[in-house]
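Please read the structure below before turning to the comments.
Computed from the coordinates by the stated procedures, all read-outs in this text should not be read as laboratory data. Bear in mind that the values here come from a model prediction, so they are computed numbers and not experimental data. Note: ideal-geometry Cβ built from the backbone for every residue, glycine included; neighbour counts use all protein chains shown.
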Protein chains: 6
Amino acid sequence: MRPSRRAPDELRPVSIERAVARYAEGSCLIKFGETHVLVTASLEDKPPPWLRGTGKGWVTAEYAMLPRATHERTRRESSSGKPSGRTQEIQRLVGRSLRAVVDLVRLGEKQIMIDCDVLQADGGTRTASITGAWVALHDCFQWMVGRNMLNVSPLKDHVAAISCGISRGQAVLDLDYAEDSEAQTDANFVITGSGGLVEVQGTAEGAPFSEDQLIDMLALAKGGVAKLVALQKQAVAG
Amino acid sequence: MRPSRRAPDELRPVSIERAVARYAEGSCLIKFGETHVLVTASLEDKPPPWLRGTGKGWVTAEYAMLPRATHERTRRESSSGKPSGRTQEIQRLVGRSLRAVVDLVRLGEKQIMIDCDVLQADGGTRTASITGAWVALHDCFQWMVGRNMLNVSPLKDHVAAISCGISRGQAVLDLDYAEDSEAQTDANFVITGSGGLVEVQGTAEGAPFSEDQLIDMLALAKGGVAKLVALQKQAVAG
Amino acid sequence: MRPSRRAPDELRPVSIERAVARYAEGSCLIKFGETHVLVTASLEDKPPPWLRGTGKGWVTAEYAMLPRATHERTRRESSSGKPSGRTQEIQRLVGRSLRAVVDLVRLGEKQIMIDCDVLQADGGTRTASITGAWVALHDCFQWMVGRNMLNVSPLKDHVAAISCGISRGQAVLDLDYAEDSEAQTDANFVITGSGGLVEVQGTAEGAPFSEDQLIDMLALAKGGVAKLVALQKQAVAG
Amino acid sequence: MRPSRRAPDELRPVSIERAVARYAEGSCLIKFGETHVLVTASLEDKPPPWLRGTGKGWVTAEYAMLPRATHERTRRESSSGKPSGRTQEIQRLVGRSLRAVVDLVRLGEKQIMIDCDVLQADGGTRTASITGAWVALHDCFQWMVGRNMLNVSPLKDHVAAISCGISRGQAVLDLDYAEDSEAQTDANFVITGSGGLVEVQGTAEGAPFSEDQLIDMLALAKGGVAKLVALQKQAVAG
Amino acid sequence: MRPSRRAPDELRPVSIERAVARYAEGSCLIKFGETHVLVTASLEDKPPPWLRGTGKGWVTAEYAMLPRATHERTRRESSSGKPSGRTQEIQRLVGRSLRAVVDLVRLGEKQIMIDCDVLQADGGTRTASITGAWVALHDCFQWMVGRNMLNVSPLKDHVAAISCGISRGQAVLDLDYAEDSEAQTDANFVITGSGGLVEVQGTAEGAPFSEDQLIDMLALAKGGVAKLVALQKQAVAG
Amino acid sequence: MRPSRRAPDELRPVSIERAVARYAEGSCLIKFGETHVLVTASLEDKPPPWLRGTGKGWVTAEYAMLPRATHERTRRESSSGKPSGRTQEIQRLVGRSLRAVVDLVRLGEKQIMIDCDVLQADGGTRTASITGAWVALHDCFQWMVGRNMLNVSPLKDHVAAISCGISRGQAVLDLDYAEDSEAQTDANFVITGSGGLVEVQGTAEGAPFSEDQLIDMLALAKGGVAKLVALQKQAVAG
């Protein structure tokens, strides 16, 4: 039995509310249970310097937690003077995941900056961020299409992410903070709408894990992402 | 006629929603029209080093804006390596304003850290922050009383804040971003529930202002704060 | 009786010595009693980036204290890596105060950088800085007129600043460090030669202050600034 | 045909030279072809603050490249003021990988600091770092056993790492820089001597990869790590 | 003929005014011609951490220039975030020079912090700083003796410093900025009252210099320091 | 008798191995006994900004120690956020020393960046760095001549460096760490192939030193540099 009484392959309740930030070209508030992330997509006129003159655009991301998103207050990174290693890892992951489903040539010499700000954290903030970021990015592209800045959206596919773990010897889906703290293995999967793997990151927290356990987690993740993609579709259809 | 069609002494619609942050000892989401601030109060076991052994506690504050709280995306301060001068000014103001109504001896050797995170900004973020911070602080003290960490709340009075300005030659209350941008003079008033002045900050943006204009703005501010205090009372009674 | 035995409306002895820095376009050493500030005005060829092409110039300021300007040695800000919040507040205040009396279009695309370095601090360093900065700025503009870089000085008026406080229940003018430490309320006023208010900043250190006390302090400040402006006139005539 | 003419499952020539740093408790120079990493293990008297009093020790790592380890000179991170996101990711990975095979209770309240300094980089610097770090750590523990600071080495198993990729549609082992630059997918595997997975990180650089490709890469990695572990055994036996 | 029309072995006019900083335990304003340095000595209760428990004290120094001490305004180091390499070199030199004539055991577990702030710079700021620092340090020790914190001053000797150079083929003493800019070789000598060498730093700016030129400069420096020591004696006798 | 049993004028065994860094335009591994420095020379297309348009080039240097080059591990400067004062002093010294023997006009608008990375430190790292840097620079210029980027090498002379000290009352050459720690005086000499002095830096660690001792050390240094220059010639002839 999981601490949350969920079945091994059961997601937490997931909701996606669009257009929550008045000024952003795309935005949503995504909730994976008690994990709440506000995601915005901001259109910037110019791509990063190394792309100027190439005809290609860029999608990148920043990530932060409000100080009291967590059980214990976390020190603000603007006080410590730089983003932590963990923050930078997540930022790079979110950016890579989105770029895997965007046609950067079709976007042209623009940059989309995704901001993922965690209002409340109960495990899985990076996977909620990626899943919500797809929606904000979709809406940003629709905004551009609506203003004739693009003929067609450069989105090639959906992308979503989910965590898995080995907890009490069993592979489980979408760990909350309590379960994550006691899991022996923690893995994150970023998968496209058509089932392609974009990122697989599995880490043994205590004992190493086996190839079979990796396969089990991957199977759970594919099921979880399929449900998240369905929710994305429903959200942008709404 | 003001850009918002409000009367000169008319506040924007103000709402206060309590207990919005699951883990914080006190919290609220305060809205002054399209300005939305999430405020949390976090209890910390120890006061700052210079108060250890004195029997006194401390209340301090941090302030930040989400990058896309604004029309144009603002760079994250964790990227630039330090809080800006404006951020530090606001943080110091929020802390001073709250300490004016807290009995720090009664609090004892604890610190309350107030975090004001602006989700959306349309002018008046510092006044909304102070007004909401009082509610989060109130709830934090109630939380401590409920756990017998305090016999009685150390709050001595209400405190709230409002901006005024001289716009098109007339004193007006609670400027939004559009009005603030064109105002000749900008002033912020922090006032207690019993009408005492905690902070008066008036700045000429263009031409200097007169003593009479200062008096006019002060009169508007006193009326505005009285309404905000009534809303605080209603919120914590709810 | 004030600790310094001055009357409530009595300034400390004020002196202004011009042309103390051999290389600066304008400079003075201003003393408010034991508070000594060396102010220089440096002409820079270009305005800040956001003004380029607008035909307008800029006046800005930096402020620092020598480490042993104070009773206890203060850590050098170059060691701590960034100006403190207090330093930034003062810098912004000095810059705003001067810009209120400068015709930036007449100045044209130049920048004047004011440096206020406190050699010795006994309260009122920001008010001495502003009052002295006007003299250094005046001399810098005269230097430019003398070299035909300007037809006429872009200075529109005098500007000076003074502190007031509520000490032992009474409004008093120009607090020194000892009096400032025990005052309940501390206020700074920046006022032009023609009596317009540029900045009003009043802060309750302990109990809130009343509207009447604010009016009393404002009256003292107007008298004090009138005397400071007379001293500025005398200095630049000398 | 691979650019290096190696078979898909063929490692580059690997060598491990021990005791290359006169002062370090353990050290080696490990070469994966033209990738050369100098690894040292330094014994520190105290564990990090959060472990004091727990009886447990810690193993952590730092990673850097000499500026001209690369084709183009890379800016020194001490000039830019902080380790990059990539550097921090690698440092955390090396530390986690080693801790997976160390009995931290047996180590007791000490810290071993691993330094991985890349003298020359031709792809696979993080996998060479982990593989060499095991040898330096082994020798550090032997040094401690030799001085009766430990009864028995706290090493529970070997650990080594290798990269795989999908290049020209085929899974290949141990990519050099040229092959890495053109690979569609890049994956790193950290595996113990007994075949347990410690870390799996697969990233699609262009098109997503399939589950089958992940399985293929894992099979190659297991074979590669087995050879690396044999080389570690041979090195420490020498 | 030197640009300043001085003889090769002629110092600029040197003056030393003591007790210029109201709060410092020792201070002076030293002038080497148009180079003006304000030096303070601050007594600190504790030595640096590495000396605690040894019974020994420490003397250290910090150095800075006011932004407009120079012909062109120099950026404030607190803005750039750290002291420059040149600043750190000078700080270390001043500290070493003073410690060479202080009995640190006799001082006991205290630290004296010397601050050298250059008000105006016309070459030779480091040599003026060292020469003035000896006076401030002397007065600080006298202050301590006067309060029975020391039985006897821990000063063992005088120390002073002077620059020399090879200019237009000739060895010259005490270069001002104009002469320094055109000199081929620049050297600084720190010498005690009894003629011992504490520091010799000679640098070829263009062509290398010869052993004979080094000997010539050393002879000039010994004569110059003897005159500076006489001025120190006269100053502290005054 | 010296701790190393060397004669007073005896260098440690010195070796220079060229072309140790696969990607650098010039490189060597230089050993002064147990002090080992890896030096690379990197050609950069542009000189620093202040030389653009002048037709002149530049040679500059960076210096670092691997953390465990030393007996006790040293903290990485990328962790502390900036190069230390000592590091900056050495970097500036290496750059100045090389520029003294390079015709910067003949080099043209290019920059050569020298990186000196100390793999193992046993005293004299700065002198080994300068001596090795000449070889790396020589090879970089040959590389450019070989590609017709230069008609002729801009090197005008050899340059090398050696330390001396007063140890147990006697002048000695090329101190190792043990001897350096107990020496009363420490001096570094940078001398050209034709015997010109580029830099003389002598520092009393304890008691001051005499003019005679300075002359003695200079004589030793000249002999030592002559041997180092012979080794440079042999290395580049090899």
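What is the fewest-to-most order of A:E179, C:E17, F:E72 by other Cβ atoms lying within 10 Å of their Cβ?
Neighbour counts put them in this order, fewest first: F:E72, C:E17, A:E179.
Ratio of alpha-carbon Rg to the 2.2 N^0.38 Å globular estimate for region C:1-142, to two decimals, please. Each step should come with its number before you reach the end.
On the way: Rg = 16.1 Å, N = 142, 2.2 N^0.38 = 14.5 Å.
The reported ratio for this selection is 1.12.
Express the relative contact order of chain A as a whole percentage, based on alpha carbon pairs under 8 Å and six or more residues apart in sequence. Each step should come with its number before you reach the end.
Numbers: 517 pairs, mean separation 51.8, N = 238.
The value is 22 percent.
D:Q184 to D:Q234: FRET efficiency via 1/(1 + (r/R0)^6), r the Cβ-Cβ distance, R0 41 Å, to the nearest 0.05? Let's see the in-between values first.
Working: r = 35 Å, r/R0 = 0.84.
For R0 = 41 Å, the calculated efficiency reads 0.75.
Within the set of other residues whose C-beta is less than 15 Å from the C-beta of E:L11, count the net charge using Lys and Arg as +1 and Asp and Glu as -1.
On the way: positive: E:R2, E:R5, E:R6, E:R12, E:K31, E:K222, E:K227; negative: E:D9, E:E10, E:E34, E:D122, E:D174, E:D176, E:E179, E:D180.
Net charge around E:L11: -1.
Got the F:A230 label distances to the other copies yet, label 7 Å along Cα→Cβ, in nm, shortest first?
For F:A230, the inter-copy label distances come out at 5.0, 5.1, 8.6, 8.6, 10.0 nm.
For region D:86-184, what is the charge dipole size about the Cα centre, in debye to the nearest 20, if Lys and Arg each add +1 at the Cβ and Asp and Glu each add -1 at the Cβ?
Values: 10 positive and 13 negative charges, 111 e Å.
Dipole size: approximately 540 debye.
For region A:23-35, take each phi angle, set θ = phi - 60°, evaluate the Karplus expression 6.51 cos²θ - 1.76 cosθ + 1.60, and give the result in whole Hz per residue in order, putting x for glycine and proline.
9, 6, 5, x, 6, 7, 10, 10, 10, 10, x, 8, 8
How long, wide and thick is the protein assembly as shown, going by the Cα atoms along their three principal axes, in whole angstroms, largest first?
92, 89, 61 Å, listed from the longest principal axis down.
Could you line up F:D176, F:D9 from fewest to most neighbouring Cβ atoms inside 10 Å?
Values: F:D176 20, F:D9 16.
Least crowded to most crowded, the residues run F:D9, F:D176.
Relative to the Cα centre, what is the charge dipole magnitude of region E:15-87, using +1 at the beta carbon of each Lys and Arg, -1 at the beta carbon of each Asp and Glu, and rounding to the nearest 20 debye?
Working: 12 positive and 8 negative charges, 41 e Å.
I would put it at about 200 debye.
Considering only DSSP beta bridges with both partners in chain D, what is the antiparallel share in %, to the nearest 5? If you can, show how the numbers build up before the last one.
On the way: 41 of 49 bridges.
So the antiparallel bridges amount to about 85 percent of the total.
Go through region A:42-58 residue by residue and turn each phi into a ³J(HN,Hα) via Karplus (6.51, -1.76, 1.60, θ = phi - 60°); whole Hz please, and just put x for glycine and proline.
10, 7, 10, 5, 10, x, x, x, 6, 9, 4, x, 9, x, 9, x, 8
For chain E, what mean projected area does the convex hull of the alpha carbons give, in nm²?
Details: hull surface 54.0 nm².
The orientation-averaged projected area of the Cα hull of chain E comes to 13.5 nm².
Which entries in E:K156/F:K222; A:K110/F:K46; D:K82/D:K110; C:K222/E:K31 show an alpha-carbon gap greater than 31 Å? Write out the running numbers ahead of the final one.
Numbers: E:K156/F:K222 34 Å; A:K110/F:K46 29 Å; D:K82/D:K110 26 Å; C:K222/E:K31 41 Å.
Beyond 31 Å: E:K156/F:K222; C:K222/E:K31.
Taking every DSSP beta bridge that has both residues in the protein assembly as shown, what percent is antiparallel when rounded to the nearest 5? Provide the component values of the computation, followed by the final result.
Details: 267 of 315 bridges.
Approximately 85 percent, going by the DSSP bridge assignments.
Give the average, rounded to an integer, of partner chain Cβ atoms located within 10 angstrom of each Cβ in E:207-215.
Numbers: counts 4, 13, 5, 3, 8, 0, 2, 5, 4.
Across the residues of E:207-215, the mean count of other-chain Cβ atoms within 10 Å is 5.
Taking 7 Å along the Cα-to-C-beta vector as the label spot, tell me the C:E44-B:R75 distance in nanometres, rounded to one decimal.
1.6
Where does each of B:K227, B:K31 land when they are ranked from fewest to most other beta-carbon atoms within 10 angstrom?
Values: B:K227 17, B:K31 20.
So the residues, fewest neighbours to most, are B:K227, B:K31.
Out of the trypsin sites (Lys or Arg not before Pro) in region C:46-122, which ones are loop residues according to DSSP with at most 14 other C-beta atoms within 10 Å? The partial results should precede the final answer.
Details: sites: C:R52, C:K56, C:R68, C:R73, C:R75, C:R76, C:R86, C:R92, C:R96, C:R99, C:R106, C:K110; in loops: C:R52, C:K56, C:R73, C:R75, C:R76, C:K110.
Taking region C:46-122 and a limit of 14 other Cβ atoms within 10 Å, the loop trypsin sites (Lys or Arg not before Pro) found are C:R52, C:R75.
Using the Kirkwood formula on the Cα atoms of region F:29-102, what hydrodynamic radius do you get, in angstrom to one decimal? Each step should come with its number before you reach the end.
Details: mean 1/r = 0.0683 Å⁻¹.
One over the average 1/r among Cα pairs gives 14.6 Å for region F:29-102.
Each label point is 7 Å from the Cα along the Cα-to-Cβ direction; what then is the distance between the points at E:E17 and A:S84, in nm?
Here the answer is 5.4 nm between the modelled labels.
By how many nm would the segment from A:D103 to A:A226 grow when fully extended, if each residue of separation counts as 0.36 nm and the alpha-carbon distance is taken off? Please report the intermediate quantities before stating the final value.
Values: separation 123, 0.36 × 123 = 44.28 nm, distance 2.20 nm.
Here the answer is 42.1 nm.
Under the rule of -39500 (n - 2.57) per DSSP H run of 4 or more residues, summed and divided by the residues of chain A, what mean residue ellipticity at 222 nm is obtained, to the nearest 500 deg cm²/dmol? List each step's numbers first, then the result.
Numbers: 6 runs with 78 residues, N = 238.
That comes out to -10500 deg cm²/dmol.
Which whole-number percent of Cα pairs in region F:50-92 have a distance greater than 15 Å? Mind showing how you got there, number by number?
Details: 511 of 903 pairs.
So the pairs more than 15 Å apart make up 57 percent of the total in region F:50-92.
Can you list, shortest first in nanometers, how far A:V145 lies from the same residue in the other copies, with each label 7 Å from Cα toward Cβ?
5.6, 6.5, 6.5, 6.5, 8.8
With a Förster radius of 35 Å, plug the Cβ-Cβ distance of F:R52 and F:S194 into 1/(1 + (r/R0)^6) and report the FRET value to the nearest 0.05. Numbers along the way, then the final one.
On the way: r = 32 Å, r/R0 = 0.92.
That pair, F:R52 with F:S194, gives E of 0.60.
Dipole of chain E, Cα-centred, from +1 at each Lys and Arg C-beta and -1 at each Asp and Glu C-beta, to the nearest 20 debye?
Working: 28 positive and 29 negative charges, 149 e Å.
Its charge dipole is roughly 720 debye.
Can you list which of the DSSP-assigned H helices in chain A have a Cα extent of 24 Å or more along the long axis and an average Kyte-Doolittle score of at least 0.0? Intermediate values should be presented prior to the final figure.
Details: long enough: A:125-146 (31 Å, 0.41); A:211-237 (39 Å, 0.57).
Answer set is A:125-146, A:211-237.
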